[in-house]
Every structure is written in C-alpha cells, then in structure tokens.
Amino acid sequence: MESSSRAWQWLGLELVDTADGSATVEMKTTEDMANHSGFVHGGMISALADSAMGRSLRTLKPGVVRAMSFDLKLNFISAAKPGQTLRATGRVVHAGRRTVVTECRVEGPDGKLVATASGTFAVTREKE
C-alpha cells in the first residue's frame, strides 16, 4: 500500500484495506487527542473520516492525481475514549470527472458507531 503522508504519521493513521471505491483507515487514539471532557476530540475523528474518504477516491479508475475536500459534514453519534482504536471506512458514492462524493462510518471497539460523515472532493484525474 502507498506510503503515508506526514499528517498521517503525526495522527498515527494506518491504511488497513482498500477495494474499488472504498478504503479503511485505523487510528489508535492517545491521551494527547482528548478534549476537556476526556473524550477523543471531534477534530481528530473528523481528520480520520476525511482521510478514509480521501483514500477511497484514490482507488478510482482513471486514477486521481490530486484531491482536496471542499465540503465535509460529520454527525457524532457516541463518544470515543483515548486509547481506543477507531476504524473509518470511506466509500465513493458518486465519481464525476471533477468532483467525487463520499461517505464514511467511524466505528470504535466492537463496531460501535462513533460518527458518520460525508464529503465532496475536487479532483484531477489521470488522462484516459
């Protein structure tokens, strides 16, 4: 699988699976990711979801050479605790020439739903 970016390394993200139009990314959360209430900060969960959705569109053909999210929506369902491993699965919902629409599920231990997300990306594709 592709090497990770510096942001992925800093966040501790790991690509665990890809398929046509989908990607699964895990993040082992740490105490440094906690908010004032002691739960994983929503921004960390958002970065995980955005990363999984962004990686899902990299599975498309013709390939995507550049992508940038310009719309991101999250629904937080339940709190995650530092120390838990979160798993985000991003899926392509619609793949156009210049934009890609995605969705994501972020789950905690035992598949407990932590958040859902949707995102729209501006993309540049390889020439056909």
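Only the coordinates and a few stated rules stand behind these numbers; no lab work does. What you see is a predicted model; the values in this text were computed from it and never measured. All Cβ positions, glycine included, derive from the backbone under ideal geometry; neighbour counts span all protein chains shown.
Using 0.36 nm per residue and subtracting the Cα-Cα separation, the extra length available between H36 and N75 on full extension is 12.1 nm. Against the chain, whose longest principal axis is taken from its Cα atoms, helix 42-57 shows a tilt of about 30°.
Think of the chain as having a plus end and a minus end, set by charges on the Cβ of Lys, Arg, Asp and Glu; of G90, S4, L57, L57 sits farthest toward the positive end of this dipole. Projecting label points 7 angstrom from Cα along Cα→Cβ for Q9 and T124 puts them 2.4 nm apart. Only Cα pairs under 8 Å and 6+ residues apart enter the sum, and on that basis the relative contact order of the chain stands at 27 percent. The calculated FRET efficiency for the pair H94 and R66, based on their C-beta separation and a Förster distance of 25 Å, comes to about 0.85.
Under the rule a/c < 1.5 gives rounded, and otherwise a/b versus b/c splits prolate from oblate, where does segment 6-125 land using the Cα gyration tensor? The shape class here is prolate.
For the chain, a simple Cβ point-charge model (Lys and Arg +1, Asp and Glu -1, everything else neutral) yields a dipole of about 400 debye relative to the Cα centre. Restricting the GluC sites (Glu not before Pro) of segment 1-83 to loop positions (DSSP other than H, G, I, E, B) with no more than 12 neighbouring Cβ atoms within 10 Å leaves E2.
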